[in-house]
Amino acid sequence: MATSKAPSADPKSSSDLPAEQPQQQKQQTLEEDDEFEDFPVDDWQADDTEATQNQQPQHLWEESWDDDDTTDDFSNQLKEELKKVEASKNKR
Amino acid sequence: MEFGPALYHEFGEAWKTQDGYRLAKTISPDLPPGQLSSIFQSINIAGGWKSARDDDVKAAIKRGLSSSSARSDGIGQKEIKGWVEVYFAYWQATGILAEVQQTSSWTNAYEQWKVLINALIQGYNGHEFEAWTIPCLYVAGKHLRLFAMKADENTSVNDNSAAAFQDDFDPELQKHQKLEDCARVLNRVFSLCLSDRAPLEESRKWGLYYIINLLFKTYFKLNATGLSKNVLRILTAGRGDMPDFHTFPKSQQVTFKYHEGVLCFLEENYAEAEKHLTEAWNTCHKDAMRNKELILTYLIPCHLITTHTLPTEKLLEPYPRLQKLFLPLCQCIKKGELHKFDLALQEAEDEFVKRRIYLTLERGRDIALRNLLRKVFIAGGFEPVAKEGDKPVRRTRVPVAEFAAAISLGSEEKVDNDEVECLLANMIYKGLVKGYISRERSIVVLSKSGAFPGTGV
């Protein structure tokens, strides 16, 4: 990790950008509450695991595309746009 | 527990049942101040605790431990000597901790607690401490880290203003001084567990994962992921003569898998990361919402890269924070709204960067683009059927201009055909699109058998 250090010849130069430095550091370190928490109990039965809760894991993830919904605003806009392309091609 | 018959009885009982967790409770600092101070004042010596000399205190503890039933359960003189040091350090710690809320002397608490953990390490190295007592190392290690963080917090509050004027002041180093020291101590405990050559059933290796998890948390806070990788490497090298991972308590398994997964994630090894994080997810306790949320924070970007899948509403339902974080992006990917995707990524950039998932999510743009191109392809409809009874075939020759129009959609800027061809070439190279570009005719010729592999068309 790079920590910016003021050149030793001119100690004052570090005071030129006091506002900027702490902000940069803030972005690099994780938030306090980002830490994985201690579990209140040490061990548990298989019944209490997330895997047992979700007997159908296929319901948790879905494909990234959407075929059913072709009537939304964006799809309509796209169709309009494609018609325009078609029309301009036919003119030529 | 006050120094007196009750403590020595508990010591003896733990010994009789070889219950390490019970023993560990007798050195817990996690008590209200009043109780800590009554422990400190309970030491039974002539003249009372106020004028106690170290040797007198140690002698008193030694008498107590020697009188306990552990004597008849085979505790040796050497071991007793070791435990006297541990309890002496604990006694001193209770004195400091009882007043730490008022004095804020967390640095003192940390230093004293370090004396205690060192006494334990010494006990295993030189005083023949048995492996069943390792939960004492857990309690010691866990609180060492907590005290280190409190001490650093305090230092930065008190010293920042004064230290900032010093020329050679390095705030990063100063900020985590005690925590870095703590990492070194924990590393010694790690070695202590790893190097045990006793048969597995009485080995300190059973303490490995608890300690490694403490190390991971410490290194993550110090932003020293390289050191975490080191731990993993050492562990892999010694895996041959270690207890099976799945025989460890589930809390340790999940915590370990989470960190292992995130480490792979940060190295952009998404397939491995997904494997570890999925195991963490499946094994996690169903009610540990915050931990499940953390696992998903990395598992969702993983899925996007490895299988191009998105979380369902059902999955995100219990996690409003994750909904806020991921839903806008997921919507854009699904609909192929490229421009909106860019905006959503920009919008939450700080949050993504903080969680170190920005670069991974950025790669989701490819999936958004794939879905957009796919929409153009589907909107193109079918070729006229040549013979009756033939299966309809989609139009596979698509003008570049159509893709260009789609890509420009929603954005103010027009994208020119060269740039579109470049994007298309990339998609073909990445295997997201099958086909080739005919430059002279300005069309894209898509594969008749699956132009967008894996998506049904």
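The values are calculated or read from the model by the stated rules, or taken from the named source; none is laboratory data. Worth saying up front: this structure is predicted, and the values here are computed from it rather than measured. Because the Cβ atoms are built from the backbone with ideal geometry, glycine has one as well, and the counts that use them run over all protein chains shown. What goes into the accessible areas is simple: the full protein's heavy atoms, side chains included, and nothing from ligands, DNA or RNA. Shrake-Rupley method; radii C 1.70, N 1.55, O 1.52, S 1.80 Å.
Of the numbered criteria (1) surrounded by fewer than 21 Cβ atoms within 10 Å (Cβ to Cβ); (2) at pLDDT 95 or above, the one B:H339 fails is (2).
Considering only residues that are within 21 Å of the chain's Cα centre (by Cα) and either touching a residue at least 40 places away in the same chain (Cβ under 8 Å) or surrounded by fewer than 18 Cβ atoms within 10 Å (Cβ to Cβ) (or both), which ones fall in the stretch B:321-336? Residue satisfying the conditions is B:R321 alone. Looking only at residues that are among the aliphatic types (A, V, I, L, M) and away from every other protein chain (no Cβ under 11 Å) in the stretch B:219-233, which one is most open to solvent (accessible area, probe 1.4 Å)? Among those residues, the one meeting the criterion is B:L227. Restricting B:L192, B:L208, B:L215, B:L173 to those that are within 11 Å of chain A (Cβ to nearest Cβ) and either at pLDDT 90 or above or part of a helix (DSSP H, G or I) (or both) reduces the list to B:L173. The residue of the stretch B:382-423 that is farthest from the other protein chains (Cβ to nearest Cβ), among those that are of a type in the set (V, I, T) and outside any loop (DSSP other than H, G, I, E, B), is B:V420.
The residue list B:A109, B:A14, B:A6 contains one member that is touching a Pro at 6+ places or on another chain (Cβ under 9 Å) and of a type in the set (A, V, I, L, M, F, W, C), which is B:A109. Mind listing just one residue for me: the one in the stretch B:409-443 that is farther than 19 Å from B:I367 by Cβ and among the hydroxyl-bearing types (S, T, Y) and, of those, most open to solvent (accessible area, probe 1.4 Å)? Among those that are farther than 19 Å from B:I367 by Cβ and among the hydroxyl-bearing types (S, T, Y), it is B:Y436.
So that you can scan it fast, the table gives a plain yes or no per residue for (1) assigned to a loop (DSSP other than H, G, I, E, B); (2) facing chain B (nearest Cβ under 7 Å); (3) at pLDDT 90 or above; (4) in contact with a strand residue (DSSP E or B) (Cβ under 6 Å, 6 or more places away or on another chain):
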position	(1), (2), (3), (4)
A:Q27	no, yes, no, no
A:D33	no, no, no, no
A:E37	yes, yes, yes, no
A:D42	yes, yes, yes, no
A:D66	yes, yes, no, no
A:D69	yes, no, no, no
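Here is the figure for the stretch B:234-267: residues that are assigned to a helix (DSSP H, G or I), open to solvent by 30 Å² or more (accessible area, probe 1.4 Å) and over 19 Å from B:S191 (Cα atoms) total 4. List, please: which pairs have Cβ atoms under 9 Å, are six or more places apart or on different chains, and start with a residue in the stretch B:364-381 that is facing chain A (nearest Cβ under 10 Å) and end with one that is among the aromatic types (F, W, Y) and part of a helix (DSSP H, G or I)? Every condition considered, the pairs that remain are B:G364/B:F341; B:A368/B:F341; B:L372/B:F403; B:K375/A:F74; B:V376/B:F403. Counting the residues of the stretch A:44-64 that are exposed (fewer than 13 other Cβ atoms within 10 Å of the Cβ), more than 8 Å from chain B (Cβ to nearest Cβ) and either at pLDDT 75 or above or in contact with a Leu (Cβ under 7 Å, 6 or more places away or on another chain) (or both) gives 3. Pairing each residue of the stretch B:25-45 that is within 20 Å of B:E13 (Cα to Cα) with any residue that is among the aromatic types (F, W, Y) and open to solvent by less than 50 Å² (accessible area, probe 1.4 Å), provided the two are 6+ apart or on different chains, yields C-beta distances under 6 Å for B:I27/B:Y90.
No other residue among B:S51, B:S42 is hydroxyl-bearing (S, T, Y) and open to solvent by less than 50 Å² (accessible area, probe 1.4 Å) apart from B:S42. Look at (1) touching a Pro at 6+ places or on another chain (Cβ under 9 Å); (2) within 30 Å of B:K340 (Cβ to Cβ); (3) at pLDDT below 80 and you find that A:Q21 fails only one, number (2).
For (1) within 16 Å of B:R355 (Cβ to Cβ); (2) surrounded by fewer than 21 Cβ atoms within 10 Å (Cβ to Cβ); (3) touching a strand residue (DSSP E or B) at 6+ places or on another chain (Cβ under 9 Å); (4) facing chain A (nearest Cβ under 7 Å), each residue gets a yes or a no:
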residue: B:N269; (1), (2), (3), (4): no, yes, no, no
residue: B:L277; (1), (2), (3), (4): yes, no, no, no
residue: B:N282; (1), (2), (3), (4): no, yes, yes, yes
residue: B:D287; (1), (2), (3), (4): no, yes, no, no
residue: B:C302; (1), (2), (3), (4): yes, no, no, no
residue: B:H308; (1), (2), (3), (4): no, yes, yes, yes
residue: B:K314; (1), (2), (3), (4): no, yes, no, yes
